[in-house]
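Comments concern the structure below.
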Amino acid sequence: MIAIATLWISLLLLGGGLALDRVLTNAITNNFDSGLEYVLMAMIRSSEIGPDGEVRLVEPLGDQRFLEPYSGLYWQISGGNQEPYRSRSLWERTLDISSNMDDEKIYTHDSSQFPDEKLRVLERTVILPGSPVKWHYQIAQSREALDAQKSVVRRTLFPSLALLGVGLIILAALQTFYGLWPLRHIRRAIAAMRGGDQGRIIAPLPVEVKPMVDELNALLAHNEQQAEEARLHAGNLAHALKTPLTVLMNAAASNDPELATAVRREAATMQRQVDHHLARARAVGRRGAAQARANVFDCVDSVSRAVGRLFPDVRIDSEGDRQLVVRIEKQDLEELLGNLMENAAKYGGGSVFVTVKRDGDMAEIWVEDDGMGVSPADRTRIFDRGVRLDSGKPGTGLGLAIVRDVTEIYGGSIMMDESEDLGGVLVRLRLPAA
């Protein structure tokens, strides 16, 4: 930041300094030329043609320097066959005449014809009354005073701009240093959290930094929540596996003749528990991905094809917002829809209808069937682990429990009702819309 500020300030001051130098030096030069032009016009007004046809000045020019040899201020009039009529200050020297002259304009230029003196020259060609000759008027002055004024301006301007640039760079450095100072507090607070001295960043901070600190504290809370959920899942899984393992160990220790049957039964129980907790763990892990997105209708179509192959006699229809996207991993959404639509196909009467719509910040997915339905007393209990209302069909009783747990992990909800159109079960699944 300091390097960028230094580069930018330097470029601006350099450009501004060059522009200001050009403006000031042009103003000094124009003022210098204006003084010479005034003298040149005074010469023309004071000129007349004598009886011999030669030009002469009726009134002498008032500046004493025209009378002092090599004074630095000169004039000269030339034309026809007449010898140049010049000021005493030129002494034996003569001013060169420019070849590219315009009769109507004053021509201004610098001259180096005198080796020891650089001149600023103004020239004009004039036709005087009573003479057909084009008379060439010249006024010249040494550039020493002009260059001295320009030098004074530059000696003042550029050091001043350099001092201003150094001051601005120092100010930018101080602003950067003190502006980023709160980040040092954050660094020390993070070090303290890593050392176990504190759990959050609680130091008072400027309003510009506070949103970042709030997000960091929220991230820490989210990580702690995930860690706590992981510990809870591990404990629940250990507790769920403890009873089947105890049964197996007792059966093995007592040489129970039904040991093989017990192993198969308890192994199936343990497998169901492992599947359930793995599903929850996957959902918790994916929930942290802020970019998780899934198009609802794409998942509905995919699951419809899979369920249609399992239940070819069941008709599956869908309607609603085909562009609706929810904030959930596609794999998890397909698992939710797969459980709900498979149950509707398995326990329904041969017709399944899926409706997708948006409700504010939430997406609603309705799955309806034309089966026998579920009594109001069982509509909440059916989402508990291991609950099965129809034991005559294969299943583990964990599908709807997994659906409820995964839905809640993503901040959604699920409820069961009666379908008014089909007469069977209506499951309302609500998920955060993207």
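The values are calculated or read from the model by the stated rules, or taken from the named source; none is laboratory data. Owing to the predicted nature of the structure, the values given are computational and were not obtained by experimental measurement. When we count neighbours, we look across all protein chains shown, and the Cβ atoms used for this are built from the backbone with ideal geometry, even at glycine. Accessible surface is based on the protein model in full, side chains and every heavy atom, while ligands, DNA and RNA are left aside. Shrake-Rupley method; radii C 1.70, N 1.55, O 1.52, S 1.80 Å.
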>> Explain nothing, just the number: relative contact order of the chain, from Cα pairs under 8 Å at least 6 residues apart, as a whole percent.
In response: 10
>> Tell me the per residue accessible area of the chain using a 1.4 Å probe; a whole number in Å² is fine.
In response: 58
> Which aspartates and glutamates, on any chain, are close to residue 118 with Cα under 19 Å apart, when same-chain ones fewer than 8 places away are left out?
Replying inline: 33, 37, 68, 92, 96, 110, 144, 147
> Heavy-atom accessible area of residue 425 with all protein chains present, probe 1.4 Å, nearest 10 Å²?
Replying inline: 20
> Projected onto the charge dipole of the chain (+1 at Lys/Arg Cβ, -1 at Asp/Glu Cβ, origin at the Cα centre), which of 46, 173, 434 gives the Cα projection farthest towards the positive end?
Replying inline: 173
>> Give me the dipole magnitude in Debye, nearest 20, for the chain about the Cα centre, with unit charges on the beta carbon: positive for Lys and Arg, negative for Asp and Glu.
In response: 1460
> What aspartates and glutamates could a cross-link reach from residue 242, if we take a straight Cα to Cα line under 17 Å and drop same-chain neighbours fewer than 8 places away?
Replying inline: 266, 275
> Amide H to amide H, which residues 5 or more places from residue 86 or on other chains are under 5 Å from it, using H placed in the peptide plane?
Replying inline: 77
>> Can you work out the Karplus-derived ³J(HN,Hα) for every residue in the stretch 108-124? Use 6.51 cos²θ - 1.76 cosθ + 1.60 with θ = phi - 60°, whole Hz, and x for glycine or proline.
In response: 10, 7, 9, 10, 10, 5, 8, x, 9, 8, 8, 10, 10, 10, 10, 9, 7
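Just by accessible area at a 1.4 angstrom probe, what is the order of 334, 123, 364, 37 from largest to smallest? Please list the in-between numbers first.
On the way: 334 55, 123 0, 364 20, 37 80 Å².
My answer, sorted largest first, is 37, 334, 364, 123.
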>> Quick test of the membrane-span-like rule: which DSSP H helices of the chain reach at least 18 Å along their long axis (C-alpha atoms) with mean Kyte hydropathy at least 0.0?
In response: 2-45, 144-179, 296-310
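Would you mind computing the Rg to Rh ratio of the stretch 1-114 from its alpha-carbon coordinates, Kirkwood style for Rh?
Numbers: Rg = 21.7 Å, Rh = 17.8 Å.
When Rh is taken as the Kirkwood radius, the ratio is 1.22.
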> Quick one: with all protein chains in place, what share of the accessible area of the chain is carbon or sulfur, to the nearest percent (1.4 Å probe)?
Replying inline: 56
>> Amide H of residue 373 versus every other amide H placed in the peptide plane: which residues, excluding those fewer than 5 positions away on the same chain, fall under 5 Å?
In response: 425
> Once the dipole of the chain is set up with Lys and Arg at +1 and Asp and Glu at -1 on Cβ about the Cα centre, which of 8, 374, 294 lies farthest towards its positive end?
Replying inline: 374
>> With every protein chain left in place and a probe of 1.4 Å, what is the accessible surface of residue 243, to the nearest 10 Å²?
In response: 90
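Going highest first, how would you order 68-78, 341-351 by mean Cβ packing within 10 Å?
Details: 68-78: 18.9, 341-351: 20.5.
The peptides rank, most packed first, as 341-351, 68-78.
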>> Need one value: the accessible area of residue 315 in square angstrom, 1.4 angstrom probe, rounded to the nearest 10.
In response: 150
>> Taking just the alpha-carbon atoms of the chain, what radius of gyration and Dmax come out, in angstrom?
In response: 49.7, 158
>> What distance in nm separates the two pseudo spin-label positions at residue 98 and residue 6, each 7 Å out from Cα along the beta-carbon direction?
In response: 4.7
> Quick one: what do you get for the stretch 49-151 if you divide its Cα Rg by 2.2 N^0.38 Å?
Replying inline: 1.11
> Hey, if we sort 246, 25, 269 by accessible area with the 1.4 Å probe, largest down, what's the order?
Replying inline: 246, 269, 25
>> Students often forget the sequence filter, so: which lysines lie under 30 Å Cα-Cα from residue 357 once same-chain residues fewer than 8 apart are removed?
In response: 330, 346
